[in-house]
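The values are calculated or read from the model by the stated rules, or taken from the named source; none is laboratory data. Keep in mind it's a predicted model, so treat the numbers as computed, not measured. All Cβ positions, even for glycine, are placed from backbone atoms using ideal geometry, and neighbour counts span all protein chains on display. With ligands, DNA and RNA removed, areas are computed over all heavy atoms of the protein, side chains included. Shrake-Rupley method; radii C 1.70, N 1.55, O 1.52, S 1.80 Å.
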Amino acid sequence: LRATLATTILQAFEKRHDVQSGMQITSADKKRLEHALALLDDAIGTLENSETLKYRTNWVGNRAVAHKLLGHQEKALADAEFAIKLEPNNPGFLRQKAFLLHEQGKSDDAIIIFKQILGNPKVPEVALLLAGIFHEREDDTSAIPILEESIKNTKKPDDLLSEEKRLLIHAYMRKEQFDSARKLTNELRATNPGSVTDLVIAARIEKRAN
């Protein structure tokens, strides 16, 4: 029951873009997260030396999320590694560890893990995360094929697919592949004609191309 309540609290935060994008949480948010963390500590503590914990690995993964949102990066990584020890092939835990490593400046290690789970349908966001690291490094030669392959799979959330396409457009622009950038922008605008973001991107392409 404690772990279930903690999960409910964390799911509410995971749906909020402001928290997930790294913006500072409020004092009320902090209290709720600390409450969730305490519940998970108690639940996990009761099973710490039990085989049963192997069937409750999501509790450990959720505690890693709570630590991350509270800014406890080292504890979050420790829990991600603990979860992987309990369930080595869980792509969600591997993605979690890779993302935390990247946030701590260990991007080379993160890339290795992301590549291992790239294409796994259980973690469709990995292509965007991996390509994003390469794009940050201005290595669009590596980013572009990852995104080109990923956008072929349309069985993913629309917002994720759109973000992949936008990142690919920026990569094309940096490589001065303006025809490819235009084509993809037109696809986005056809899907969502009222998008100001895509209208601005289209204008930037024409400015760069001329």
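Before moving on, here are some points about what is shown:
- Where a residue in segment 24-40 is closer than 24 Å to Arg56 by Cα and its partner, wherever it lies, is surrounded by 14 or more Cβ atoms within 10 Å (Cβ to Cβ) and of a type in the set (Lys, Arg), with Cβ under 8 Å and at least six apart: Leu37/Arg63; Leu39/Arg2; Leu40/Arg2; Leu40/Arg63
- Of the residues screened, Thr154 is one that is in contact with a Leu (Cβ under 7 Å, 6 or more places away or on another chain) and loosely packed, with under 15 Cβ neighbours inside 10 Å.
- Neighbours by Cβ (under 9 Å, 6+ apart or cross-chain): first from segment 184-204, within 22 Å of Ser150 (Cα to Cα); second of a type in the set (Asp, Glu) and open to solvent by less than 80 Å² (accessible area, probe 1.4 Å): Thr185/Asp198; Leu188/Asp198; Arg189/Asp198; Thr191/Asp198; Asn192/Asp198
- Filter pass, Lys152 being in a loop (DSSP other than H, G, I, E, B) and without any contact (Cβ under 8 Å) to a residue 12 or more places away in the chain: yes
- For segment 80-114, the set of residues classified as surrounded by fewer than 16 Cβ atoms within 10 Å (Cβ to Cβ) and within 12 Å of Leu130 (Cα to Cα) consists of Asp108, Asp109, Ile112, listed by residue number.
- Condition check for Thr185: assigned to a helix (DSSP H, G or I), open to solvent by 80 Å² or more (accessible area, probe 1.4 Å) and β-branched (Val, Ile, Thr): no
- One residue alone among Ile133, Ile84, Ile111 is assigned to a helix (DSSP H, G or I), β-branched (Val, Ile, Thr) and over 15 Å from the mean Cα position of the chain (by Cα), and that residue is Ile84.
- Residue match in segment 122-133 (condition: open to solvent by less than 20 Å² (accessible area, probe 1.4 Å), closer than 22 Å to Thr57 by Cα, touching a helix residue (DSSP H, G or I) at 6+ places or on another chain (Cβ under 6 Å) and free of Cβ contacts under 8 Å to residues at least 40 places away in the same chain): yes
- The residues in segment 41-60 that are modelled with pLDDT under 90, part of a helix (DSSP H, G or I) and either of a type in the set (D, E, K, R) or under 24 Å from Ile25 (Cα atoms) (or both) can be counted, and the count is 6.
- Screening Asp179 on (1) surrounded by 12 or more Cβ atoms within 10 Å (Cβ to Cβ); (2) modelled with pLDDT of 95 or more shows it passes everything except condition (1).
- Residues satisfying the stated conditions in segment 39-59, i.e. among the aliphatic types (A, V, I, L, M) and either surrounded by fewer than 11 Cβ atoms within 10 Å (Cβ to Cβ) or within 22 Å of Gln96 (Cα to Cα) (or both): Leu39, Leu40, Ala43, Ile44, Leu53
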